[in-house]
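What follows is a structure written as C-alpha cells; I'll ask about it next.
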Amino acid sequence: MIHGFAEVASSPKFLGDERTDKDEFNLLEERFQLKAAYRPAKPEWLVSQNPEFFYKGDLLVDEYEEAVRYKIREAYGLVSPFSWMDVKLGRQILTWGTGDLLFINDAFPKNYESFFIGRDDEYLKVPSDAWKFSFASHWASADLVLIPFFTPDVSITGDRLSFYDNLLGRLVGEESDRLLTEPSFQPNNTQIAGRLYRDFGAYEVAAHVFKGYFNQPKGIKNADAKELFYPKLAIYGASIRGPVPFLGGITSGEVGYLDSLEDRSGKNRLIENATVKYLVGYERDFPKDLRLGVQYFAEQMLDFDEFKINSQSGDIPRDQFRQLLTLRITKLFWRQTLEASFFTFYSPTDSDTHFRPRLTWQTSDHWKFTVGANIFLGRHDWTEFGQLEDNDNLYMRLRYSF
Amino acid sequence: MKRFWLGLILFLCFASSEIVRSVYAQESPDGKSVMNEMLTAYYYSRQDAKSEVFMRIVNRQGQTRERRLILLRLDETDGGKQSYYIYFHEPPDVQGMSFLVLKHPGRDDDRWLYLPSIDLVKRIATSDKRTSFAGSDFTYEDVSGRDLDEDDHELLDEESLGERSTFVVKSTPKRFGEVEFSSRKFWIDKATHLPLKVEHYDLKGMLYKVYETSAIQTFQDTPTITKAVMKDLGSGHETEITIKTISYDVGITSDLFQERLLRRPPTKWIR
C-alpha cells in the first residue's frame, strides 16, 4: 500500500527581520511525501518472524533555500526473531518520555528550526540511523538503541532564523559563521540509549539511560575560530505516567540527571555543566472535545558556584534553576474536523514566552488546511525564546493526503 | 387412596406454582436483566473477536468521510475487564495509527494512541466518555459499552419490530445532567438479545438521536450486528457502521495488549 501527501506551505514574517537570508518569509515550500509498508506473506521462515519493511521519503522544493532536496524520513526493516524480541534496523524516528514538546530522557535528534517556522509537528523529530532491539516479558519490557552515526539537532544557524550568537554576543543572522564539529564516525562513538519499563496497575513506570553526545553544540572548542562541538553526555532518568484518582485526567513526572562527561566538575566555562531536569505534567479532557494540559519544567544547573566563579564577561548569564511552564488548550469543533489549539511556553526565570496558536481544518478525508503562528517575546536577547523575538511568523499549509 | 389424593393435590400445587413461576419469569424479566443480556450479547460476545470495521460518516450536505479499521477484542470475563486494539487503515491521514483501550468497569478506561510519524505513544485522558469516536456519530461509550450501573433500567413493553419480537427498555442515567441524554429507549431482540433500535432523548426530553440495526448475521453460531446506523436528527448527520468480516475465538492473548503492540502492529492481525 502506498500513501502520502502533497503540501504547499508558506510562512510570512511579521517583522521582516533583515538579518536572515530572506526578509519577508521563513518558509515557502512544496513537499511531496510517499510512504510504503510491505509485510511479506512468504517465505514461511520469514513470515513467522512477523516481518515489516517501511519506507517514507520526502521530495522538497524549498524556495527559501532555493533548492530541491530528497530526504528519506524512514527506511527500516522490522522482524521478531523470537516471540519476545523485535529488531528494527535502519532509519527510524525514535521517541520516548512523558513530556509534551519537552524532552528530558528523549535524547534523539530534533529539528527546532522546523518547529519554529511552522512545518508540521512531524518534522520536529529528526530520524536516526539506528538499531533498535526491543525485549518483552511479563516482568518488564526493554528497548536498547544503538546509533552509530551521530545526528545532531538541526541547529539554528542564522540563515532562516536569527538567534543569539554567544561568540559574537549579539543577535545574528546569516553573518554567523560558527563551525560545528561533529564527533567522528568510530565504533566507540556509537550512542547508546536504553529504556526499561513496565506497568504497575494503571501507572507506566520507566527507567532511562543514555550515553552519547549533547545534540546541540554546547561546547566551545576555539572561540577565536568560532569552533563549537558536541560534548559527551550521559543521562540517567526515570518517568511515571498514569491517571489521577478522583480528579480524573493523566499526570506524568519525569526526571533526568545529565552528566556532562567532559566537564564533570563544572570548572570548564567552555562546556555545559551537568544538570538535573524535572518535569511534571497534567492533562485532562472536558465535555465537548476540550482538552487542557499544563506542565512545569525545571532545569537545575549543578556546580553552579563553579559556573559563577569561572564565568567571564560576555558569557550568557544563567539561573541555577531555569523554570518553564507550558499550557496546551485544544478544542475540536464541527464533528472533530476543526481543531483549535493553543500552546504556550513561558519561562518566569528567563522572562520569555513562545505562543503557538493553530487552526487545523480537515475539509475532507483528503484535504487539510492549517493556519497558525509562532510568536516570541522576551526581555533578554540571549534566552531560548527571547533570542527568536524578531522571527515571529504566520504560517499556512494546504495538504492533500492519499 | 387418601394418601394418593393428597399426594396428587400436593404435586399439582407444587407443579402449578413452578409452572406459574417459570411462565412469570419468562414473561416479565426486569429491565436490568434484559439490559445486562444485551450488553453481554453485544459487547462481550464469545471470548475474543477480530473484525474489520468500515464507517461512513455523512453530513447534511451529503459529504462523506470514511474510516476503515481493524478491531481486536479480548474479554477477561463477561461484563468485566476488556481489552481493545484498533488499527486504522483509512483515511490516509490517520493510516497506521493505532489505539489501545483497557476497559475496567467502575473506573476510567486506560487509553493510548500511537502516532507513527513521530513514534509517539500518547496517553489519553478519558474522563469524558461521551466524545465522538473518530469523528463519527458514535461515542466511545457506544463503541465500548456503558456500565450497566450508570443507569436505571425499566422494562416498558414488548413490541414487534419487523419480524422480530422485542423488549422495550427505558434506561435513565442515575445522575441527571452528567451525560447529554436524559434517557434512552432500547428495543432489544428477544431471540438474539441484540439492540435493534435505540432512541436518545435530550435533557429537555426531546428525541435527538436514533440508532438502528439494519443487518444481523450469524458467524460461528453467534448472531452479530453487521450493519447499523446512528442518526443525529438535529444536524442531519449520520454514521453507518459495517462489519466487513468478523471471526470469533481466534486466539487473541492478553500479552498482545501492551505498548509493544502499538509501536509494532501485529502483521498477523491487521491484514
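The values are calculated or read from the model by the stated rules, or taken from the named source; none is laboratory data. It should be emphasised that the depicted structure is a prediction, and the values quoted were computed from it without experimental measurement. Heads up, the Cβs are rebuilt from the backbone with ideal geometry, glycines too, and the neighbour counts pull from every protein chain shown.
Filter the stretch B:219-271 for residues that are assigned to a helix (DSSP H, G or I) and of a type in the set (Val, Ile, Thr); which is farthest from the other protein chains (Cβ to nearest Cβ)? I'd like the intermediate steps shown before the answer.
First, pick out the residues of the stretch B:219-271 that are assigned to a helix (DSSP H, G or I): B:254-256, B:259-263, B:267-270.
With the extra rule that they be of a type in the set (Val, Ile, Thr), the set shrinks to B:267, B:270.
Values: B:Thr267: 5, B:Ile270: 9 Å.
Applying the filter and picking the extreme gives B:Ile270.
Answer with yes or no whether B:Arg111 is among the basic types (Lys, Arg), more than 18 Å from B:Thr253 (Cβ to Cβ) and part of a strand (DSSP E or B).
Numbers: among the basic types (Lys, Arg): yes; more than 18 Å from B:Thr253 (Cβ to Cβ): yes; part of a strand (DSSP E or B): yes.
Here the answer is yes, as B:Arg111 does meet what is asked.
Then there is this: Residues that are touching a helix residue (DSSP H, G or I) at 6+ places or on another chain (Cβ under 8 Å), within 14 Å of chain B (Cβ to nearest Cβ) and free of Cβ contacts under 8 Å to residues at least 40 places away in the same chain: find the strands (runs of 3 or more DSSP E) completely inside the stretch A:178-241 holding 1 or more of those. Walk me through it before giving the result.
Working: elements: A:179-181, A:191-200, A:203-213, A:219-222, A:227-229.
In the stretch A:178-241, the matching strands (runs of 3 or more DSSP E) lie at A:203-213.
Considering only the stretch A:118-169, state which residues are crowded, with 21+ Cβ neighbours inside 10 Å, within 14 Å of chain B (Cβ to nearest Cβ) and among the charged types (D, E, K, R).
A:Arg119, A:Lys125, A:Lys132, A:Asp143
Kindly establish whether A:Ile271 is of a type in the set (Val, Ile, Thr), crowded, with 19+ Cβ neighbours inside 10 Å and in contact with a Pro (Cβ under 6 Å, 6 or more places away or on another chain). Spell out the reasoning first.
Working: of a type in the set (Val, Ile, Thr): yes; crowded, with 19+ Cβ neighbours inside 10 Å: yes; in contact with a Pro (Cβ under 6 Å, 6 or more places away or on another chain): yes.
In short, yes.
Check whether at least one residue in the stretch A:244-260 is among the polar types (S, T, N, Q) and either at positive phi or surrounded by fewer than 18 Cβ atoms within 10 Å (Cβ to Cβ) (or both), and report yes or no.
The initial filter retains those residues of the stretch A:244-260 that are among the polar types (S, T, N, Q), namely A:251-252, A:260.
Subset that is either at positive phi or surrounded by fewer than 18 Cβ atoms within 10 Å (Cβ to Cβ) (or both): none.
No.
List the residue pairs whose Cβ atoms are under 6 Å apart, where the first residue sits in the stretch A:245-259 and is more than 9 Å from every other protein chain (Cβ to nearest Cβ) and closer than 17 Å to B:Asp109 by Cα, the second is part of a strand (DSSP E or B) and modelled with pLDDT of 95 or more, and the two are 6 or more positions apart or on different chains.
Here the result reads A:Thr251/A:Tyr282, each pair linking the stretch A:245-259 to a residue that is part of a strand (DSSP E or B) and modelled with pLDDT of 95 or more.
Quick one: B:Val179 ticks every box in (1) closer than 25 Å to B:Gln61 by Cα; (2) surrounded by 19 or more Cβ atoms within 10 Å (Cβ to Cβ) except a single one, so which number is it?
With respect to (1) closer than 25 Å to B:Gln61 by Cα; (2) surrounded by 19 or more Cβ atoms within 10 Å (Cβ to Cβ), B:Val179 is out only on (1).
Could I ask something else about it? Could you figure out which of (1) more than 9 Å from every other protein chain (Cβ to nearest Cβ); (2) closer than 23 Å to A:Asp129 by Cα; (3) modelled with pLDDT of 95 or more isn't true of A:Val79?
Checking A:Val79 against (1) more than 9 Å from every other protein chain (Cβ to nearest Cβ); (2) closer than 23 Å to A:Asp129 by Cα; (3) modelled with pLDDT of 95 or more, the one that fails is (3).
Out of everything in the stretch A:1-40 that is part of a strand (DSSP E or B) and among the acidic types (Asp, Glu), what residue ends up being farthest from B:Thr267 (Cα to Cα)? Show your work before the answer.
Pass one, the stretch A:1-40, residues part of a strand (DSSP E or B): A:2-13, A:25-38.
Now restrict to residues that are among the acidic types (Asp, Glu): A:7, A:29-30.
Details: A:Glu7: 30, A:Glu29: 36, A:Glu30: 34 Å.
Applying the filter and picking the extreme gives A:Glu29.
Going by what's in this entry, would B:Lys204 be described as touching a residue at least 12 places away in the same chain (Cβ under 8 Å), surrounded by fewer than 17 Cβ atoms within 10 Å (Cβ to Cβ) and under 17 Å from the mean Cα position of the chain (by Cα)? Explain how you work it out, then say what you get.
Details: touching a residue at least 12 places away in the same chain (Cβ under 8 Å): yes; surrounded by fewer than 17 Cβ atoms within 10 Å (Cβ to Cβ): yes; under 17 Å from the mean Cα position of the chain (by Cα): no.
No: the conditions fail for B:Lys204.
One line per residue, one yes/no per condition, for (1) crowded, with 20+ Cβ neighbours inside 10 Å; (2) within 30 Å of A:Ile2 (Cβ to Cβ); (3) without any contact (Cβ under 8 Å) to a residue 24 or more places away in the chain:
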site: B:Tyr44; (1), (2), (3): no, no, no
site: B:Arg60; (1), (2), (3): no, no, no
site: B:Gly79; (1), (2), (3): no, no, no
site: B:His104; (1), (2), (3): no, no, yes
site: B:Arg107; (1), (2), (3): no, no, yes
site: B:Pro116; (1), (2), (3): yes, yes, yes
site: B:Arg130; (1), (2), (3): no, no, no
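Go through (1) at pLDDT 95 or above; (2) in contact with a Pro (Cβ under 6 Å, 6 or more places away or on another chain) one by one and return the number of the condition A:Phe133 breaks.
Failed condition: (2).
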